[in-house]
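Down below is the structure, laid out as structure tokens.
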Amino acid sequence: MGRFMKILLLCASLAAASVSAQTRDIGGQGELLDRITVVVNDGVVLQSQVDQQVTTITHRLRDQGTPLPPPSVLRQQITERLVIQEVQMQRAQKLGLKVADEALNNALREVAKQNKIDFSDLPDALAKEDINYAEYREQVRREMTLSMLRQRDVYAHIYVSPRELDQFLTKQSADKTGRAEYNVSHILIALPEAASPGQLDQVEKRTEEIYSRAQHGEDFGQLAVANSQAQTALERGQLGWRKGSELPSFMADVVSHMKPGEISRPVRTPSGFHIIRLNESRSDTDALLVSQIHGRHILLKTNELQDDETIRGRLQIIRDRIASGADDFTAIAKAISEDTGSATEGGDLGWTSDGAFVPEFQQQLETLNENELSQPFHTQYGWHIAQLLGKRTQDMSTDERRRKAFEQIRASKVDEETELWLRRLRDEAFVDIRT
């Protein structure tokens with residue numbers, strides 16, 4: 001589907017691209033234009049959805065040089081993914097989760113920006129790749145909705161205890177391997193909840209067979225596409241680059257003793273059996289060094305009486321007076337800045353790490369020399385003038401180390417918790433697959 005689809009796949013690590021279900025009717029000759037492939041609770045998966053995903057993923061796998069599994073296997077994998085997505089969307093609707101048009105437009109602006117085109121040109125650019133803009137918008141909205149749902153149901157319930165934090169920081173100080181980065185792929189053969197001894201034996205035998213095939217040189221990506229029950233199956237099982245501390249603990253323990261190209265023995269977890277391949281690794285010795293900037297600003301917003309041009313002109317006069325020494329930045333910021341968070345501090349934003357501000361503001365500060373004033377510029381918050389007070393690179397503070405450690409521990413739990421959560425949703429749903 002082209003470069004736009006690739007961007008979306010990168011942004012949604014657990015949600016694949018899919019077109020929204022559309023109502024079909026009967027043609028004038030009585031020909032059925034679409035049919036129901038799966039009934040999922042009160043919803044459906046249509047044949048047209050499966051067909052489009054087969055086409056999309058087949059093209060992508062061919063572009064990647066991945067040998068295709070048998071058509072029936074690929075169709076089964078895609079159908080199962082669409083079923084799980086439908087179950088998630090039904091839960092999101094039940095909870096009232098909605099993506100506002102403004103948030104959706106911001107996401108699409110980012111897609112346009114990454115492709116170096118104007119937002120207004122996005123529909124035409126998509127049309128050149130045979131992508132319907134209206135369907136594309138709903139596809140992005142769907143992915144954002146699923147992301148909101150996972151934040152609510154998975155991320156918000158992952159608990160990191162103070163003891164875990166302390167142990168993590170102690171281990172990190174003594175052992176730098178947690179800072180190494182690994183490019184990992186994996187295959188998950190899921191276990192049913194409360195699996196019987198017979199089911200366990202069957203899954204173990206299947207896992208050993210797949211492991212043996214991988215060891216004997218079969219393409220790991222192809223094996224993942226055909227057999228993995230992880231949400232990354234149709235991405236050739238690739239997790240991408242992760243810090244060791246951000247991988248699930250069972251995976252981190254395995255890959256830290258592997259060489260690139262090696263495949264692990266199957267590892268059992270509550271979600272099933274995992275076969276892990278280490279693709280590449282690299283050190284990250286400067287991971288704890290943080291670039292910071294110290295800036296201050298004055299913010300003015302448009303209103304019914306003052307439009308963009310009026311506000312920009314007003315800020316230009318203020319900027320020139322401060323630059324000439326006629327006015328004091330701190331005093332002016334306290335008096336007129338509409339950023340309530342920084343106005344009382346004379347517009348001072350303190351020392352902040354890279355990426356703390358919206359891109360337009362960050363770029364303005366980064367282009368300034370120390371103590372230089374910017375020209376008036378616009379962001380989503382209004383019109384600004386900013387001054388760079390300093391730049392530095394320093395080791396993380398204790399609070400920053402703990403915050404980073406919390407994020408890494410939580411990230412290491414997300415994959416496993418997400419797989420278990422999805423399996424529960426799937427098991428609780430009524431699913432009727434129609435041949």
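Restricting attention to segment 37-48, does a residue exist that is assigned to a helix (DSSP H, G or I), within 23 Å of the chain's Cα centre (by Cα) and surrounded by fewer than 20 Cβ atoms within 10 Å (Cβ to Cβ)?
no
Based on this model, can you work out whether GLN202 counts as over 30 Å from ASP399 (Cα atoms) and without any contact (Cβ under 8 Å) to a residue 24 or more places away in the chain? Full working, then the answer.
Details: over 30 Å from ASP399 (Cα atoms): yes; without any contact (Cβ under 8 Å) to a residue 24 or more places away in the chain: yes.
For GLN202, the condition - over 30 Å from ASP399 (Cα atoms) and without any contact (Cβ under 8 Å) to a residue 24 or more places away in the chain - is met.
Report the residue count in segment 377-428 for those that are free of Cβ contacts under 8 Å to residues at least 24 places away in the same chain and of a type in the set (Phe, Trp, Tyr).
Counting residues in segment 377-428 that are free of Cβ contacts under 8 Å to residues at least 24 places away in the same chain and of a type in the set (Phe, Trp, Tyr) gives 1.
Being out of contact with any His (no Cβ under 7 Å at 6 or more places or on another chain) and either within 27 Å of GLY244 (Cα to Cα) or not in a helix (DSSP H, G or I) (or both) narrows it down to one residue among LEU188, LEU146, LEU200; which is it?
LEU146
Is there a residue in segment 275-282 that is within 26 Å of the chain's Cα centre (by Cα), assigned by TED's automatic domain parsing to the domain that holds GLU193, within 30 Å of ARG392 (Cα to Cα) and in contact (Cβ under 8 Å) with a residue 60 or more places away in the chain?
Among the residues of segment 275-282, at least one is within 26 Å of the chain's Cα centre (by Cα), assigned by TED's automatic domain parsing to the domain that holds GLU193, within 30 Å of ARG392 (Cα to Cα) and in contact (Cβ under 8 Å) with a residue 60 or more places away in the chain, which makes the answer yes.
Name every residue in segment 301-342 that is among the polar types (S, T, N, Q), under 36 Å from the mean Cα position of the chain (by Cα) and surrounded by 13 or more Cβ atoms within 10 Å (Cβ to Cβ), in order of residue number.
THR302, SER337, SER342
Which residue, of ASP253, ASP327, is under 30 Å from GLU400 (Cβ atoms) and free of Cβ contacts under 8 Å to residues at least 12 places away in the same chain?
Answer to the check: ASP253.
The values are calculated or read from the model by the stated rules, or taken from the named source; none is laboratory data. It should be emphasised that the depicted structure is a prediction, and the values quoted were computed from it without experimental measurement. With ideal geometry, Cβ positions are generated from the backbone for all residues, glycine too; neighbour counts draw on all protein chains shown.
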